[in-house]
1. From largest to smallest, what semi-axes in whole angstrom does the range 205-245 give when each is the square root of 5 times an eigenvalue of its alpha carbon gyration tensor?
2. At each listed q (0.15 Å⁻¹), what is the log10 of I(q)/I(0) that the Debye formula gives for the range 247-334 modelled as equal alpha-carbon point scatterers?
3. If eta is 1.567 mPa s and T is 4 °C, what Stokes-Einstein diffusion coefficient results for the chain, Kirkwood Rh from Cα pairs, in µm²/s?
4. Could you check how many percent of all C-alpha pairs in the range 33-174 are farther apart than 25 Å?
5. Roll a 1.4 Å probe over the protein chains and send me the accessible area per residue for the chain in Å².
6. Report the percentage of all Cα-Cα pairs in the range 102-159 whose separation exceeds 17 Å, rounded to a whole percent.
7. Compute the Rg to Rh ratio over the range 166-233 from the alpha carbon atoms, using the Kirkwood formula for Rh, and round to two decimal places.
8. In whole percent, and with a 1.4 Å probe on the protein chains, what portion of the accessible area of the chain is carbon and sulfur?
Amino acid sequence: MIGAEDRSSIRAWLKEKALPLWASNGWDERTNSFVERLSLRGAPQLDTPRRAMVQARQIYTYSVAHRSGWFGEGAELVARAGAAMIERYYEADGARGWAFSVARDGAIVDSRRDLYTHAFILLSLANAYETTRDSAYIVLADATLSFLDQDMASEHGGYVETLPASDRPRRQNSHMHLFEALLSLFDATKSSAYLERARAVRDIFFRRFVQGEDSILVEFFDEHWRPLDGPLFPFEPGHHFEWIWLLEQNEELRHFDQTTTVARLWETALRAGVGADGRIFARATVGGAVDHSTRLWFYTEAAKAAYIMRSNYKRSDGPMPSDFFDAMRVRFLEPATPGSWIDEFDAYGAAKVDFAPASSLYHICCAIRASCSD
């Protein structure tokens with residue numbers, strides 16, 4: 001798994017540096033909301049529009065941190081951020097559902113209804129409920145699911161990507177995070193209704209998302225769930241790793257053997273998507289990498305997948321979680337302001353953005369919780 005010294009090191013960084021930084025510099029006291037990003041020096045960029053997804057991810061993060069004993073003020077922060085998120089994004093423009101982004105003063109910047117955003121809203125509501133035990137969060141989660149059913153459901157299964165509708169392809173990614181949110185709602189409430197919803201998404205994964213003998217995870221589809229970008233199907237290794245973790249999170253969903261699919265997701269991602277130096281590539285085909293840029297979150301998901309392969313599948317022949325945490329620390333954390341990160345590098349090793357996005361803390365916190373538990 002991951003050694004005691006490695007667990008202590010990465011958890012200490014999260015507890016002592018990252019969580020305090022993003023709860024201070026990354027928190028806007030005037031609006032009771034999280035900022036979208038920090039400069040590379042750690043200064044808040046207050047005027048950047050704030051996505052609902054980022055508020056939801058930070059609520060998830062500080063909920064988990066509070067329940068794990070990593071951040072004592074987490075419950076209060078979650079309650080304040082949750083109330084502000086509801087006020088600023090939920091039906092704030094008079095339409096059903098959650099707006100995509102708002103300005104610092106609360107004005108709607110982007111009013112579209114986005115499935116990916118709604119998935120993270122549901123994840124945050126489940127975790128806010130677990131942290132505060134306020135049942136209003138579950139009532140709101142059910143209202144959000146009702147909105148998805150009534151306004152965004154597709155006759156071909158799953159949900160459309162956005163309202164108003166666009167000509168963008170359908171994505172596995174938004175449905176993957178919906179699956180994650182539904183599992184979290186089940187864990188929080190033990191209501192079988194959420195598990196049945198999760199099963200429906202899981203079934204789309206096995207029927208549509210994975211293709212071929214190598215279990216390539218297709219990213220984009222037409223409205224009928226027909227795969228796009230064939231026959232090579234460029235995939236994101238990070239999403240292979242992410243699905244490995246999610247598929248193993250609920251025993252009650254496993255009514256068939258998924259060992260072969262999980263093993264192939266792992267093997268294909270490692271073979272085509274990870275370089276000899278441990279770099280995880282943004283996109284690959286079975287023939288190798290096609291986009292050599294790399295991002296922090298790839299390594300958090302790889303650490304979670306490595307934990308699953310070793311703990312659930314007894315695969316000791318591949319990388320350990322600590323290998324990916326070490327690569328993350330060296331590449332993304334150590335060169336940055338303490339508690340922050342450089343989020344993305346191009347194929348030549350140059351930073352691609354001049355800020356640290358708040359959205360990455362969700363990945364880091366989830367990976368540490370999943371892979372560094374005693």
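The values are calculated or read from the model by the stated rules, or taken from the named source; none is laboratory data. Keep in mind that this is a model prediction, so the values were computed, not measured. Glycine also receives a Cβ, built like all others from the backbone with ideal geometry; neighbour counts cover every protein chain displayed. These accessible areas exclude ligands, DNA and RNA; they are computed on the full protein's heavy atoms, side chains included. Shrake-Rupley method; radii C 1.70, N 1.55, O 1.52, S 1.80 Å.
1. Three semi-axes, in Å: 16, 11, 10.
2. -0.59
3. Reported coefficient: 62 µm²/s.
4. Values: 2874 of 10011 pairs.
Result for the distance tail: 29 percent.
5. On the way: 14710 Å² over 374 residues.
With all protein chains present, the chain gives 39 Å² per residue.
6. More than 17 Å apart: 50 percent of the Cα pairs in the range 102-159.
7. On the way: Rg = 13.6 Å, Rh = 12.9 Å.
We get a ratio of 1.05 for the range 166-233.
8. Percent of accessible area from carbon and sulfur atoms in the chain: 48.
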